[in-house]
Every structure is written in C-alpha cells, then in structure tokens.
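The values are calculated or read from the model by the stated rules, or taken from the named source; none is laboratory data. Because the structure is predicted, anything quoted here is derived from the model rather than measured. Note: ideal-geometry Cβ built from the backbone for every residue, glycine included; neighbour counts use all protein chains shown. To get the accessible areas, we keep the full protein, side chains included, count just its heavy atoms, and leave off ligands, DNA and RNA. Shrake-Rupley method; radii C 1.70, N 1.55, O 1.52, S 1.80 Å.
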Amino acid sequence: MDNSLKQGGRELIHGLKTGTATAPLITIITSTFNAAKDLSWTINSIKAQNYPNIQWIVADGGSTDGTVELLQQNEDIIDYWFSAPDKGIYDAWTKALKHASGEWIQFIGAGDELAGPEVITKVAQQLADAHPQYELAYGNIEIISEGLRQHIEYIGEPWETLGIKWQGIRPALPIHPEVFHHKTIFQRITFNQYKIAGDSYIVLSSILRKEPLYINLLIDRMPHGGISTNPKNILLTYQELKKINKSLGIRPPKVSAFTFLVRSLLKAFILKNFPSAFNIIGDLYRILTLRKVKWTKK
C-alpha cells in the first residue's frame, strides 16, 4: 500500500454517479501540482454548472502549497481526488482514468474555467446520441492572460476548415480542454509514452478513425502558457511530434517540416533570450505555422 497516497471525494461516501441515455455522465479530469492559487477558478466554474451528471476527478502530484486542503474543502463537488507523487501530467491523467465512470471524458487544467453554467448541459445534449458515429467532439476556447485573466483570443472552427490545415509539423487540432473523448478511446490507446505531445497523439489517433463532431459553443477559458511553451521543451515537442507522425503514418509537407524545425530553433532562442516578447512571438508563430494543406496517411 502506498503510504504517501491521500484521497477523498464525495463518491467515497455517497457512491458513484450514473448517467442516462439522454443525460450521459461526463467525467472531467484535472491534474494539479502546487496550484492552489489557480484552482479556485476551476472549482467555482464547475460548482456553477447546472448539469447534474458530472464526475470531477482531480489528480494531484503531491502538492504542499494548500492544494490538498482546498480539495478537502470542496468535496461536495469533487467526486474523487488523490494526491501522490507522479511522473508528470500524462501519468496523472492515466491514474485518474482508472477512476473515470463517464461516457465522455474531458481534461481541463487547474486555472481553466468552464465558460458558463450551461456549458456541460449544452454539450451533453449534443453527446447523448453522438456515439458510435463520433468518438471525439470539440468546441471553441478562449485564451486568457495568466495573471489578470484578460481576453487574448477566441479559437474554434468547424472540422471541414480546421481539418485541412497544418500547424507546424502536425495537422492542426482542437486545443485539448475543449475536447470530449468517448471512453472507448482509452480502451485502445494511452498517453504514457510521451511527455509533451501525448494529447496530440490521442486526438490524432481518434481522428484517423473517425472525423470529430464540432459543437459551436464556447467550452473553456484557458490561461495562456503551459509546459509546451517552456523554451526547454520546444525541441522535445518537435521530437515527439516526429515520433507520432511516424507511428500514425502522417506525412507533413516537406516545406512545412523543414520550416517548423527552423522556427522551433528560432523560437527557443528568442524565448530564452527575450522572454518578455513571448506573447507577440507566440501569436506570430501560430499564424505562420498554419498551413491550408490536406494531410494524408501513408
């Protein structure tokens, strides 16, 4: 038995929630590590939801900043939480998936907010009869600043336009907090072989089987930043995306692959030496790496 494991949540006392054919159970998974100052935003947005069939699981990496105490104080809406050292975000998600009971699963970060109290209600209406035709659904997302939480941009478009673009070395994809995964996806594939691009692998693996369902709804407000924006992770991201492309038989255009490598090197240099210019450089980088080119499988 792992003596370092702490756990709690309403379902340990009251049991598991269940969904219905018209109101499926939706599991939301959040990973945290020393995120007490940001987690309250997520707690309040889930507490505000008017949809009853939500299972919220929080996977904490052994925080020491008051996160665990915050989880204990909010067990009325946190169905299950655990706190123990992990090997990173995908390890935390994989552990959380073992406790997921929902028909559909969403991953949002500590500090993310669901965009309004009716978000999950409206999504559930679309998902109720979506499977088996669809196993992946996505909506729109708002990017906000980390500190002041002010609007930066809205991102979202139908698959018929998003699905023909390239973003660097990989096809353009929805941003992960706006994505809902059918539970059967995780019966086939896992995150754990990647440190940075595991969510891209999951989404691409699904999209190669079936096109996703687009729900024209603002799903999540996500603070700008994260592990993939850390300069030291840029080249690791490139290496992992190359590995994903090879494993899935995806062939980026040669020009796109070459320019992505050059831009990755340049971006890492600029972010390391001129970090205050990150937002401007990041926006320009996103624009330059979108390519309206059909992507094909070998």
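Listing for the model above:
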quantity	calculated
Vicinal HN-Hα couplings computed from phi for the range 65-81 (Karplus, 6.51 cos²θ - 1.76 cosθ + 1.60; Hz; Gly/Pro x)	9, x, 4, 4, 4, 5, 5, 5, 6, 10, 6, 6, 10, 8, 6, 8, 9
Long-range HN-HN contacts of Trp166 with modeled amide H, under 5 Å	Ala172, Arg291, Lys292, Val293
Cα shape, the range 50-131, gyration tensor, a/c 1.5 rule	prolate
Leu127, Leu97, reordered so the largest accessible area comes first (probe 1.4 Å)	Leu97, Leu127
Tyr154 accessible area, 1.4 Å probe, all protein chains in place, Å² to nearest 10	140
Separation in nanometres of the label points that stand 7 Å from Cα toward Cβ, at Asn34 and Leu248	3.3
Gain in span if fully extended, Glu211 to Ile164, counting 0.36 nm per residue against the direct Cα distance	15.7 nm
Amide proton proximity set for Ala110, modelled H, under 5 Å, gap of 5+	Ser31
FRET efficiency estimate (nearest 0.05) - Cβ-Cβ, Ile155 to Ile189, R0 35 angstrom	0.90
Answer label for mean projected area of the Cα convex hull in nm² (calculated), chosen among (1) 14.5; (2) 15.3; (3) 19.3	(2)
The range 46-123, relative contact order [Cα under 8 Å, separation at least 6], %	48
Cleavage-rule hits (trypsin sites (Lys or Arg not before Pro)) in the range 187-276: DSSP loop, at most 12 neighbouring Cβ within 10 angstrom	Arg188, Arg209
Within the chain, percent of DSSP bridges classed antiparallel, to nearest 5	50
Fully extended contour minus Cα-Cα distance, from Glu69 to Ala48, at 0.36 nm per residue	5.5 nm
Distant-in-sequence amide H partners of Trp56 (H built 1.01 Å from N, under 5 Å)	Ile28, Asp79, Tyr80
Shape of the range 83-223, Cα gyration tensor, a/c cut at 1.5	rounded
Percent carbon-and-sulfur accessible area, the range 74-125, ignoring ligands, DNA and RNA, probe 1.4 Å	49
Shape of the range 18-81, Cα gyration tensor, a/c cut at 1.5	prolate
Accessible surface, per residue, of the range 92-184 when the full set of protein chains is kept, probe 1.4 Å, Å²	37
Rounded accessible area of Leu70 (nearest 10 Å², 1.4 Å probe)	30
Nearest-10 value in Å² for the accessible area of Phe258, using the 1.4 Å probe	140
